[in-house]
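Right, one structure below, let's go through it.
The values are calculated or read from the model by the stated rules, or taken from the named source; none is laboratory data. Quantities reported herein were computed from a predicted structural model and do not represent experimental measurements. FYI the Cβ positions are ideal-geometry reconstructions off the backbone, even for glycines, and counts take in every protein chain you see.
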Amino acid sequence: MTNITLSMGDITDQTVDAVVNAANSSLLGGGGVDGAIHRRGGPELLRECRELRAGHYGNGLPAGRAVATTAGLLPARWVIHTVGPVWSDGEDRSGTLASCYRESLRVADELGARTVAFPAVSTGVYRWPLEDAARIALTAVRDAETTAVTEARFVLFDQDAYDVFARTWEALRKDG
Ligand code: APR
């Protein structure tokens, strides 16, 4: 059973086995979480991302999928890159967002990672409303019954995001 924890801070400070990156399909960096992870992860991280693009992920990583690289200079062993869906009020992409978490846990299990730090995927540049993203994320991780991951740590960057995740998690636990 995965213990879900919530914390407020910078995901690049987390000493865990694997840090999940809110990447884009290019896997070659960006802003937000992606920028912070690449800045702190250093050249080794980008080199491995480039290798992925030169190999199996020639066309980039599709939304909802996940792939691991070294964590470079981060206080973690691996980075699990996942690409969130961009928010659309015309199309329901909830399944793709849930897949980011399920696939990240699947990759974590392949690695043997037991502690995993997650950002609030898609809630920044990709404009997904926080409350809905929190519900999808927490439900997907809570319902991942076969994973060997012992801690799923949601790392929220500001008080507002933290409060939304905490309220949402409280409500989900009440619902059972
Ligand atoms: N640690 C934890 N959370 C962070 C950090 C950080 N260092 N930096 C930003 N966040 C939060 C944001 O406040 C937001 O709530 O992570 C959440 C996700 O925001 P983004 O990083 O913008 O990710 P996303 O919305 O999934 O957009 C992905 O943005 O940075 C580019 O290359 C990335 O194209 C991709 C897109």
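Listed values, structure above:
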{"read-out": "Among residues of the range 116-134, those that are crowded, with 20+ Cβ neighbours inside 10 Å and out of contact with any helix residue (DSSP H, G or I) (no Cβ under 8 Å at 6 or more places or on another chain), counted", "value": "1"}
{"read-out": "Some residue of the range 104-115 being in a helix (DSSP H, G or I), out of contact with any Gly (no Cβ under 9 Å at 6 or more places or on another chain), basic (K, R) and under 17 Å from N21 (Cα atoms)", "value": "yes"}
{"read-out": "Which listed residue is without any contact (Cβ under 8 Å) to a residue 60 or more places away in the chain and within 13 Å of V83 (Cα to Cα), from G58, G42, G64, G35", "value": "G64"}
{"read-out": "Pair list, Cβ < 7 Å and 6+ apart or interchain, from the range 156-174 residues that are at pLDDT 95 or above to residues that are among the basic types (K, R)", "value": "T168/R135; L172/R142"}
{"read-out": "Breaking point among (1) over 18 Å from R153 (Cα atoms); (2) in contact (Cβ under 8 Å) with a residue 40 or more places away in the chain, for T70", "value": "(2)"}
{"read-out": "Residues satisfying the stated conditions in the range 37-54, i.e. within 13 Å of the ligand (Cβ to nearest atom) and buried (at least 21 other Cβ atoms within 10 Å of the Cβ)", "value": "I37, H38, G41, C49"}
{"read-out": "Any hit, the range 83-100, residues being farther than 16 Å from G30 by Cβ, touching a Lys or Arg at 6+ places or on another chain (Cβ under 8 Å) and not aliphatic (A, V, I, L, M)", "value": "yes"}
{"read-out": "Selection status of G32, closer than 19 Å to R127 by Cα, within 9 Å of the ligand (Cβ to nearest atom) and crowded, with 16+ Cβ neighbours inside 10 Å", "value": "yes"}
{"read-out": "Members of the range 77-105 that are within 14 Å of the ligand (Cβ to nearest atom), under 22 Å from R53 (Cβ atoms) and within 14 Å of the chain's Cα centre (by Cα)", "value": "V79, I80, H81, T82, V83, G84, P85, T96, S99, C100, S104"}
{"read-out": "Any pair with Cβ under 7 angstrom, 6 or more apart, that starts in the range 127-143 at a residue that is closer than 14 Å to Y162 by Cα and assigned to a helix (DSSP H, G or I) and ends at one that is more than 13 Å from the ligand (Cβ to nearest atom) and among the small types (G, A, S)", "value": "none"}
{"read-out": "For R114: the one exception among (1) within 13 Å of the ligand (Cβ to nearest atom); (2) out of contact with any Leu (no Cβ under 8 Å at 6 or more places or on another chain); (3) touching a residue at least 60 places away in the same chain (Cβ under 8 Å)", "value": "(1)"}
{"read-out": "Options A152, A137, A108: the member that is small (G, A, S), within 12 Å of the ligand (Cβ to nearest atom) and either under 23 Å from E170 (Cβ atoms) or crowded, with 23+ Cβ neighbours inside 10 Å (or both)", "value": "A137"}
{"read-out": "Test: residue in the range 7-27 that is of a type outside the set (D, E), out of contact with any helix residue (DSSP H, G or I) (no Cβ under 9 Å at 6 or more places or on another chain), within 12 Å of the ligand (Cβ to nearest atom) and assigned to a helix (DSSP H, G or I)", "value": "no"}
